[in-house]
Amino acid sequence: MYPVLSVSPRDRSAHDIAPVTRPAPMLGASYTGPMLACLCLLLFQTRPIDSLDSLASHYSIKVEVVTQAYLWQGEGYKVVSDAVPATDLARYTPLFVKEWSLYPVSLMAKARVRRIVIGSNIRMDGQPRAAVPASDDDTLYYDATLGAKVPHYQRIVLHHEFFHLIDDRSGWMRRDPDWAALNLHDFHYGSGGDKMREHGSGELTDKIPGFLTPYGTSAVEEDKAELFAHLVVDPEFVKKRAAADPVVASKIKLLKSRLAQFDPDMGEAFWKQMG
Ligand SMILES: [Zn+2]
């Protein structure tokens, strides 16, 4: 999870959501010869990713926008969302498309991403959430309204929460002695991200040895998700921190090596995009 920027409590009721995606075109239909099928494939692959629809096709996932009050019951928790206001959707869509497009197609299958739901005023068990990685439904929920005027925040949330899903699929998420051992010997994590929700906990700092933000100290899974998100969004800051802090440097090394192992397309080719 990630600290929220604002709280706006309201009641929720159950309904469904309307998909904005269409099924990917079938290739090589019966009337086509091999050459035509080949051309179709080429056109399909070079289609620009400039909308939620084209992004869904490119990654072979569902991308849905909440258009009326929505409830999803997970395994022991529930997620609710309001319909996304048009202005928030218009602002969020290009940001989401640009950031998600950094990821290789192969990662969707490896991380088992089946569906992305873009909502507004999302809550999990009544608690406001910027996003919810629902691993039991292979779904990621993202709030387009929270932080609508702070693109940096929304970018961090996007990558931070997706990393939680990757970490979960990798089997390291909450019990990770190898990672914890990289910390200074007298350091102990806090009692979890849900216990550190105060304003400013996600701010970058060079005042905490081994960490990029106060929030990263709340739990081992938050430490990893924070490092990943800021490596993507704030690569220059992280580079400087790593040069001055051997703990941060060692965490980056382990994180990158694990990602490359999880999906070879998440190796150097992925990080080159951040310069
Ligand atoms: Zn988190």
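The values are calculated or read from the model by the stated rules, or taken from the named source; none is laboratory data. Quantities reported herein were computed from a predicted structural model and do not represent experimental measurements. Neighbour counts are summed over all protein chains in view; Cβ atoms, including those assigned to glycine, are modelled from backbone coordinates with ideal geometry.
Brief remarks follow.
- A search for C-beta distances below 9 Å between a residue of segment 161-177 that is among the polar types (S, T, N, Q) and any residue that is part of a helix (DSSP H, G or I), counting only pairs 6+ apart in sequence or on different chains, returns Ser170/Arg258; Ser170/Leu259; Ser170/Gln261; Ser170/Phe262.
- Looking only at segment 198-231, residues that are among the hydrophobic types (A, V, I, L, M, F, W, C), touching a residue at least 60 places away in the same chain (Cβ under 8 Å) and touching a Leu at 6+ places or on another chain (Cβ under 7 Å) come to 1 in all.
- Within segment 143-160, considering residues that are more than 15 Å from the ligand (Cβ to nearest atom) and of a type in the set (Gly, Ala, Ser), the one surrounded by the most Cβ atoms within 10 Å (Cβ to Cβ): Ala144
- Residues of segment 161-181 that are more than 16 Å from the ligand (Cβ to nearest atom) and part of a helix (DSSP H, G or I): Pro177, Asp178, Ala180.
- Top-ranked residue of segment 101-132 - restricted to ones that are touching a Ser or Thr at 6+ places or on another chain (Cβ under 8 Å) and small (Gly, Ala, Ser), ranked as surrounded by the most Cβ atoms within 10 Å (Cβ to Cβ): Gly119
- For segment 217-229, the condition of being farther than 28 Å from Asp138 by Cβ, at pLDDT 95 or above and part of a loop (DSSP other than H, G, I, E, B) holds for none of the residues.
- Residues of segment 185-238 satisfying the condition of being of a type in the set (A, V, I, L, M), in contact with a Gly (Cβ under 9 Å, 6 or more places away or on another chain) and away from the ligand (no atom under 13 Å from the Cβ): Ile208
- All told, Glu236 meets the bar of being of a type in the set (Asp, Glu), assigned to a helix (DSSP H, G or I) and farther than 25 Å from Ser170 by Cα.
- Residue within segment 262-274 that is within 26 Å of Pro104 (Cβ to Cβ), among the polar types (S, T, N, Q), out of contact with any His (no Cβ under 8 Å at 6 or more places or on another chain) and away from the ligand (no atom under 14 Å from the Cβ) present: yes
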